[in-house]
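K.L.:
Below is one structure. I have some questions about it.
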Amino acid sequence: MSEEYSMEIVNPEKSFLSKNDVTEVVVPAFEGEIGILKDHISIISFLKPGIIKIFSKSGEESFYVNDGIIEFKDNNLSILTSLILNLKDIDKEKISEIQKSAEEELNKSDINDQEKYLLDQKLEVLKSIN
Amino acid sequence: MASLDDLKKRISSVKSTQKITKAMKMVAAAKLRRAQESAEKGRPYSDKMNNIILNLSTGISDVDNAPKLLSGTGEDKIHLCVVMTSDRGLCGGFNTNIIKKAKLYFQKILDEGKTLKIITVGTKGYDQLKRLYGDNIIERISFKESKNVNYFDADKVGKIVIEKFDKKEFDVCAIFYNQFKNVITQIPQEQQIIPLKTSENEQNSSVDNYEFEPEEDEILSNLLPKNISTQIFKAMLENSASEQGSRMSAMDNATRNAGEMVDKLTIEYNRSRQAAITKELIEIISGAESL
């Protein structure tokens, strides 16, 4: 029996990536990383800023996401995200730009704990990339 | 009758107008293709988003505690209308159609004695509404600088809407835009986004047992604001495709009309030229005869 399932990443502008030979996807879910294998139970969760790792027959790929929602159902994984960047051809400047705006955001006084947590996460991940 | 010189001038001015409308038509056609493409590419995102929300909202256990964005404030007093129009003119009935649709809705709201608040997106909508509803317009937004429709612009509008909702500034929110059907037809749409309307007949689509992480309510309260931005983004994409389509057909008509005008003027020009020649000949002949 094959251990592969299909996945799709969509952002508002277009369908970003679509694969049907993935064996495992690790996503930075809100309450910790989740690795999704074939025949996982149907799940809906949302993402915090982090790295999505995709393991497939053709190799391993990593992406940075800002936020997102995942839905896994009938061996079909959909990831909706507003900002996604491929780590392979990532632009250092772009990263610094996001980092800077996150820092500014963090310095605002009117943010709540959850926002602060997300921003901290974001900065941490961005630093690890850079 | 206009003199030959005048006619000549008019012909050349109509011809240069025709050149402009022709060029605008071509530009619109090129832009239309791109806008249509991105409208199509944007569809999976909003469809999936809708699907997830549908699955979530049917699975929600505690209806009373459901997020306000989904169930509404329980009142129906203040309506917020987001009217999305273009920033540029010369696109036929595009803006007028949206405004007409919106005005009908406004009138209904006001007749029922409810409060009306308006946000205009795009300068043309503001120009058309400010005379009648100037006091109702609480915000006007324009993305003249952005070259293409992008999600961050839509997100900005979405955030403004949500911020106002959190401050309890309105109960119901509707957006107005043109849905792109084809180049000739664009259908003005009115869509209620707060509280969210989930159509009944879709609810019997297979409801699965999902595992949620974290809880449904928390996911839902996170997802709904995003959905609003997504809906607005979708509307913006549809709008930009419609705008280009509408402009293309308007400019096509204008080019054709200019062509007809040139033909008519040319005939008139030739006639009066011949008349002048004949007149001269008669003068010469009758002059020669009298000798």
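K.L.:
Over region B:221-291, what per residue volume does the convex hull of the Cα atoms give, in whole Å³? Before the final figure, lay out the partial values.
P.N.:
Working: hull volume 3.3 nm³, N = 71.
Taking only Cα atoms, region B:221-291 has a hull volume of 47 Å³ per residue.
K.L.:
Would you work out the charge dipole size for region B:23-249 about its Cα centre, treating the Cβ of every Lys and Arg as +1 and the Cβ of every Asp and Glu as -1, and quote it to the nearest 20 debye? Intermediate values should be presented prior to the final figure.
P.N.:
On the way: 32 positive and 32 negative charges, 377 e Å.
The calculated dipole for region B:23-249 is roughly 1820 debye.
K.L.:
Sticking with the crude label model, points 7 Å out along Cα→Cβ, report the distance from B:ASP217 to A:TYR117 in nm, one decimal please.
P.N.:
1.6
K.L.:
Round to the nearest 0.05 the FRET efficiency obtained for B:GLU260 and B:GLN191 when R0 = 35 Å and r is the Cβ-Cβ distance.
P.N.:
Working: r = 40 Å, r/R0 = 1.14.
Working from the Cβ atoms, E equals 0.30.
K.L.:
Are any of the pairs A:LYS100/B:LYS130; A:LYS38/B:LYS234; B:LYS41/B:LYS197; A:LYS14/B:LYS114; A:LYS53/B:LYS41 more than 29 Å apart by Cα-Cα distance, and if so, which? Don't skip to the answer; put the middle values down first.
P.N.:
Working: A:LYS100/B:LYS130 39 Å; A:LYS38/B:LYS234 32 Å; B:LYS41/B:LYS197 24 Å; A:LYS14/B:LYS114 40 Å; A:LYS53/B:LYS41 24 Å.
The answer is A:LYS100/B:LYS130; A:LYS38/B:LYS234; A:LYS14/B:LYS114.
K.L.:
Extension gain B:SER286-B:ASP87, at 0.36 nm per residue separation less the Cα-Cα distance, in nm? Write down the numbers at each step before the final one.
P.N.:
Working: separation 199, 0.36 × 199 = 71.64 nm, distance 6.49 nm.
Stretched fully, the B:SER286-B:ASP87 segment lengthens by 65.1 nm.
K.L.:
Starting from the Cα of B:LYS124, draw a straight line to each of the aspartates and glutamates and keep only those under 20 Å, dropping any in the same chain fewer than 8 residues away.
P.N.:
Candidates past the 8-residue exclusion: B:ASP87, B:ASP135, B:GLU139, B:GLU145, B:ASP153, B:GLU190, B:GLU238, B:GLU243.
K.L.:
What are the lysines whose alpha-carbon lies under 22 Å from the alpha-carbon of B:LYS15, with same-chain residues fewer than 8 places away excluded?
P.N.:
The qualifying lysines are B:LYS25, B:LYS264.
K.L.:
Considering the dipole of chain B built from charges on the beta carbon (Lys and Arg +1, Asp and Glu -1) around the Cα centre, which of B:ALA30, B:GLY259, B:PRO44 is farthest to its positive end?
P.N.:
Going by the charge dipole, the pick is B:GLY259.
K.L.:
Translational diffusion coefficient, Stokes-Einstein: compute it for chain B using the Kirkwood radius over C-alpha pairs as Rh, at 4 °C and 1.567 mPa s, and state it as an integer in µm² s⁻¹.
P.N.:
The calculation lands on 58 µm²/s.
K.L.:
Still on this structure, I have one more. For chain B, set up a Gaussian network in which alpha carbons nearer than 10 Å are linked by springs, and say which option among B:MET24, B:MET248, B:MET261 fluctuates the most.
P.N.:
B:MET261
K.L.:
Also: Could you check which residue among A:SER58, A:SER45, A:SER18 shows the biggest mean-square fluctuation in a GNM of chain A with a 10 Å Cα cutoff?
P.N.:
A:SER58
K.L.:
Relative to the longest principal Cα axis of chain B, at what angle does helix B:151-166 sit, 0 to 90 degrees, rounded to 10?
P.N.:
Approximately 50 degrees, to the nearest 10.
K.L.:
Tabulate in residue order the Karplus-calculated ³J(HN,Hα) for region A:44-53, using 6.51 cos²θ - 1.76 cosθ + 1.60 with θ = phi - 60°, rounded to whole Hz; enter x for Gly and Pro.
P.N.:
Going residue by residue, I get 10, 8, 10, 9, 9, x, x, 10, 9, 10 Hz, with x marking Gly and Pro.
K.L.:
Sorted from largest down, what three extents in whole angstroms do the Cα atoms of region A:1-97 have along their principal axes?
P.N.:
Largest to smallest, the principal-axis extents are 44, 28, 25 Å.
K.L.:
Another one. How big, in percent, is the set of alpha carbon pairs in the protein assembly as shown lying more than 41 Å apart?
P.N.:
On the way: 27889 of 88410 pairs.
Summing the P(r) of the protein assembly as shown above 41 Å gives 32 percent of all pairs.
K.L.:
Further, regarding this structure: I need A:ILE79, A:ILE54 ordered by Cβ neighbour count within 10 Å, fewest first.
P.N.:
Values: A:ILE79 25, A:ILE54 22.
Least to most surrounded, the residues fall as A:ILE54, A:ILE79.
K.L.:
Another question about this same structure. Of the candidates B:ASP153, B:ASP76, B:ASP252, which one comes out as most mobile in a Gaussian network treatment of chain B with C-alpha springs shorter than 10 Å?
P.N.:
Most flexible of the set in this elastic network: B:ASP76.
The numbers here are math on the coordinates, done by the rules we state, and not lab data. Predicted model, so just to flag it, every value in this text is computed and none were measured. Using ideal geometry, Cβ is built from the backbone for each residue, glycine included, and neighbour counts are taken over all protein chains shown.
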